1. Please arrange LYS190, LYS232, LYS163 by accessible surface area, largest first, computed with a 1.4 Å probe and ligands excluded.
2. How would segment 84-176 be classified by its alpha-carbon gyration tensor: rounded, prolate or oblate, with rounded meaning a/c under 1.5 and the a/b versus b/c comparison settling the rest?
3. Taking 29 Å as the cut-off for C-alpha to C-alpha distance, list the pairs among LYS38/LYS61; LYS98/LYS134; LYS407/LYS486; LYS407/LYS475; LYS232/LYS486 that go past it.
4. Around THR247, which amide H atoms from residues at least 5 apart in sequence, or from another chain, sit under 5 Å from its own amide H, with H modelled in the peptide plane?
5. With a 1.4 Å probe and every protein chain left in place, work out the accessible area per residue of segment 303-395 in Å², rounded to a whole number.
6. Taking 0.36 nm per residue of separation and subtracting the Cα-Cα distance, what length does fully extending GLU307 through LYS61 add?
7. Enumerate the amide H contacts of HIS428 below 5 Å, restricted to partners 5 or more residues apart or on another chain; note that Pro and chain-start residues carry no placed amide H.
8. For n ≥ 4 DSSP H runs only, could you compute -39500 (n - 2.57) per run for the chain, divide by its residues and tell me the 222 nm figure to the nearest 500?
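The values are calculated or read from the model by the stated rules, or taken from the named source; none is laboratory data. Quick caveat: nothing in here was measured; it's all calculated off a predicted structure. Note: ideal-geometry Cβ built from the backbone for every residue, glycine included; neighbour counts use all protein chains shown. With ligands, DNA and RNA removed, areas are computed over all heavy atoms of the protein, side chains included. Shrake-Rupley method; radii C 1.70, N 1.55, O 1.52, S 1.80 Å.
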Amino acid sequence: MSDNMAETLAEVVLQHVDKKGHINSLELATELKEDHQKIVGAIKSLQSFGELIKAEQIVNKRWELTDEGRDVATNGSHEARVYYAIPDAGTSQAQIMKTVPNAKIGFSKAMQAGWIVMDKKAEGGPKVNKKADKIEDVIQKNLVKLQQDQTDSLTDEQKAEYKKRKLITEVKITSYEITKGDNFSLTIEKPEVDLTPEMLQSGSWKTKNFKEYNFDALGIPPNGGHLHPLLKVRAAYRQIFLEMGFTEMPTNNFVESCFWNFDALFQPQQHPARDAHDTFFVSEPQVSDIKRVPPDYLQRVKRVHAEGGYGSQGYKVEWKTEEAEKNILRTHTTAVSARMLYKLAQQETFTPVKYFSIDRVFRNETTDATHLAEFHQIEGVVADYGLTLGNLMGIIEEFFKKLNITKLRFKPTYNPYTEPSMELFSYHEGLKKWVEIGNSGIFRPEMLLPMGLPEGVSVIAWGLSLERPTMIKYKIDDIRTLIGPKVDLQMVYDNPICRVEKH
Ligand code: PHE
């Protein structure tokens, strides 16, 4: 009928419940000479079969003898053994100590009980003599009683004393009281596990016995998650930065103020990139709390824009706080680099840093196969004393070498916040031409000095998009299949992991 031990035992349990109407798992274990834990296992398995049985858990405490307690139960208490070891003519204490186990405790307990006495003035040295003619070893008797019969035969005082003497300990025993359940039966019918559409259609589910839900079950492990290609390439780039000793910048704010996105970067307030055509302005809340920018820094930024300073002429046009406090969706992660460099400038002593970030930016562009209104930027920033254009080219070459891009070219360009500025090109073997892959430069003193960075510290930086290398790597020719509402999840499942062959 059943093919495993647990079920056989489960059926035996059912038979006993049927016969007696009410059983206790502990008593059943004694009766069947079976391990109590196995009985409990059988009860647990019965509980999963609907309402076959009712099982009520009960926790009992009971006293058990310790090893020492068992020794006392068989050989007598320590004090009794001392008493019996003394011959009628008495003996020396040293002799008792040598021959009787646990004589030290036994001796003092026997003295306390008045069973023995010391004769200090005896001829030939002090002696121990029996004082009582006869003794009764109550402890031994009680422990034997406890061993044979669990019903309470000892007084609380005795139990406390024996516990203190470490002769007995209290243990907790969990057992079950079992009675018949509403669906009691002597046979175990394997319940249905799954509700099928057929059962629903035929109505057979009404009479079927279903296995109860086990809310503690771990469930079926997922057969592996799938990372979006952008995330896979992101992980590869991140790894390279980390290997080169760069620290990741916190980029978790998509909404940014114009101040950090443009003004701190010495981008003029009249610059076309600030236009609503290129930038998404946030309508709620429209302005950011500009008071969070330290006022002295704000003033220095204002001055360098409007009047110049630090050897610069500035833009010589009015600079307005109302422009700087506008909330926008950040147009580049360089806004985060600006925040981090300002923070760095506030350190008591300047320390060289290498930062990176890879996160989302937003530009109000008409979307086509290669442009979306949002994309990801990869940005690297290195700050140290005396960095030059040579360092910039060297670091960038090293970075791209790790990506297996060795043919690099730099082309001068213009950025409001870097001087010099250089576009990065790499030779595309497939297209057989040089393609633009990024932008770079050395941050202008008009940006760094108002922050409070020491003179002589230069900061080199470069940025590239994450989408472009991802599209090349995964041979995707329309960016809209990569991000946005048209993404097909199957594309995410099917694409293999990104492996950059590193040098
Ligand atoms: N912020 C630039 C962009 O959005 C990239 C860049 C980063 C350029 C750092 C120079 C230095 O294209």
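1. LYS190, LYS163, LYS232
2. prolate
3. LYS407/LYS486
4. For THR247, the qualifying residues are LYS354, TYR355, PHE356.
5. About 46 Å² of surface per residue is accessible.
6. 79.9 nm
7. LYS433, TRP434, VAL435
8. Per the formula, -10000 deg cm²/dmol.
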